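So the structure is just underneath, and the comments pick up after that.
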Amino acid sequence: MRKGESVFSFLWNFRQISILVAAAVLLVTVGCVTPEAVRQFTAVATDAAQQFPPLVRDLAASCIRKQLADRSVDEIADASGEAKNACKEFSDLEPSLLGALDVLINYLNALSQLASDQVVSYDTQIDGFAAKVQAAGKFGDAPVNAIKGLAKFLADAAASGYQRKKLGSAIKAADSDVAILTKALGTIVGDDYIRVLGVEQESVLERFRQAIQADKTKNPAVHLLLQDRWRANLESQENRRRAARDLQQILVKIRDGHHQLAAQVDHWSAIELRQTLSPYSSSIRQLVRDFQVAF
Amino acid sequence: MSTLTQDQARALAEDFFEISKAVGDYRFRHFDDLTPDQLNALHSLQQQLSNQSNHFTAVAIQITLDDLQPTLDKINQITGQVNQAITTLNNIRRVITIATSIVSLGAAFASGSPGTIASAIQDTVGALQG
């Protein structure tokens, strides 16, 4: 028997055993969390979470705008340094707030990467390996293709099983903490930031009132200009508020989508999981588009 | 004095904001009835109240972030485990690459060509260094 044939014969028997092993691996992993559905959801959620920083920075910016609006209408001076100092509390919070956000982004990004097809695909490496084996042993195409097929099959089964197991355990372990974090960030965005915007708007409103009341001539042209400026300001504020509410909703969708994953991680089929997560992904995409109008 | 909770800080921020708005509205409605000094005093009071509202909002955010620390630590830890799993899966790729270079090395030795052997050794060392 030629060297190549004996190796092929050995591999052929090995292949039969390996198929049984691989089938067992697949049986163990069947019905576990579906990486593609997880990848799609976490990729959308990661993109959405990355929209936060401008809004976080606007907390201090809104406070500064408020401080400037509180200045006397007839003041011509650079008061920006004083205004920034008055808002130091907010600017000091920025790094911690962005850090908390990064924790969520890094987690979602890591899940997305682990759920990626590429992380469990060794096709290129195995093709290279088979080509080297062919060159080294002068094998024909049939045994080399068998080596390739077997190696890919085993690698896929083992890697996919490992991938699903790790995804499932991470999602379950993190679920309650993701809920706490998204709720806390949602409160900061949806309650605290909106209140800070409200405070700013009151100061701006007061400034316009003062300007109107200071105009003893009741000049309609002046009033018209002030009214236009006030409306433009109001619209810009409303866009920011809407963006904050969108972001709060995005966090709710991330929390709920993640919770659905965690709850069903052990026993949902790919189709069911995709159907469940799809509305969350679509809503998040839509909310991000709305959010981008203001930021 | 006991420290504030985040809910208490938010409630204070909300209260100060509402009182500030009420003062501003009162000042605007009674603009013609009040003296300039009274108007200025109310304006100043309104600003102080709104600044207090912002202060308590900042306090509420700080307390929220402090309370979140154990949660952030846990998520960081899980992220580390997920990244470790990605590394493990990437290591499989590296193992295959090393195996491939070792097969080449075997073939090079069999060929007996010093140039081929040297090149294969270099490739194998490169694969091992990853």
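What follows is calculated from the coordinates using simple rules that are stated; it is not laboratory data. Computed from a predicted structure; not experimentally measured. With ideal geometry, Cβ positions are generated from the backbone for all residues, glycine too; neighbour counts draw on all protein chains shown.
What list do you get for A:Val73, A:Val252 if you sort them by fewest beta carbons within 10 Å?
Working: A:Val73 10, A:Val252 18.
Ranking A:Val73, A:Val252 by Cβ neighbours within 10 Å, fewest first, gives A:Val73, A:Val252.
Ranked by Cβ crowding within 10 angstrom, fewest neighbours first, how are A:Ser112, A:Ser169 ordered? List each step's numbers first, then the result.
Values: A:Ser112 21, A:Ser169 16.
Lowest count first: A:Ser169, A:Ser112.
Normalising by the residue count of segment A:186-295, find the relative contact order in percent from Cα pairs under 8 Å and 6+ residues apart. Display every interim value, and only then the final one.
Details: 65 pairs, mean separation 40.8, N = 110.
With pairs under 8 Å counted, the relative contact order is 37 percent.
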If the cut-off is a Cα-Cα distance under 17 Å, which aspartates and glutamates reach A:Lys183, setting aside same-chain residues fewer than 8 apart in sequence?
-> A:Asp102, A:Asp175, A:Asp191, A:Asp192, A:Asp246, A:Asp256, B:Asp7, B:Asp66, B:Asp67, B:Asp73
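Please arrange A:Arg209, B:Arg10, B:Arg29 by how many other C-beta atoms lie within 10 Å of their C-beta, fewest to most. List each step's numbers first, then the result.
On the way: A:Arg209 17, B:Arg10 22, B:Arg29 10.
Placing the least packed residue first, the sequence is B:Arg29, A:Arg209, B:Arg10.
Can you give the FRET efficiency to the nearest 0.05 for A:Lys165 and A:Ala142, using r as the Cβ-Cβ distance and R₀ = 30 Å?
Efficiency computed from Cβ-Cβ geometry: 0.30.
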Spin-label pair A:Leu225/B:Ala11, simplified geometry with 7 Å Cα→Cβ offset, distance in nm = 4.8
Considering the convex hull of the alpha carbon atoms of segment A:187-226, report its projected area averaged over all viewing directions, in nm², one decimal.
-> 3.0
When chain A is modelled as a GNM with alpha-carbon springs shorter than 10 Å, which of A:Phe139, A:Phe90, A:Phe52 fluctuates the most?
-> A:Phe139
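Using the beta-carbon distance between B:Ile98 and B:Ile19 and R0 = 51 Å, what value does 1/(1 + (r/R0)^6) give for FRET efficiency, to the nearest 0.05?
On the way: r = 71 Å, r/R0 = 1.39.
Rounded to the nearest 0.05, the efficiency is 0.10.
Can you tell me the dipole magnitude for chain B around its Cα centre, using point charges on the Cβ only (Lys, Arg +1; Asp, Glu -1), in Debye to the nearest 20?
Numbers: 7 positive and 12 negative charges, 191 e Å.
So the dipole magnitude of chain B works out to roughly 920 debye.
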Taking springs between alpha-carbon atoms closer than 10 angstrom, which of A:Leu97, A:Leu247, A:Leu111 fluctuates most in the Gaussian network model of chain A?
-> A:Leu97
When the charge dipole of segment B:1-122 is computed with +1 on Lys and Arg Cβ and -1 on Asp and Glu Cβ about the Cα centre, the Cα farthest towards its positive end, among B:Leu68, B:Ile98, B:Ser111, belongs to B:Ser111
For segment A:32-58 and segment A:62-115, what is the separation of their C-alpha centers, rounded to whole Å?
-> 22
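For an R0 of 60 angstrom, estimate the FRET efficiency from the Cβ-Cβ distance between A:Arg242 and A:Ala135 and round to the nearest 0.05. Mind dumping the intermediate values first?
Details: r = 64 Å, r/R0 = 1.06.
Once the sixth-power term is evaluated, E becomes 0.40.
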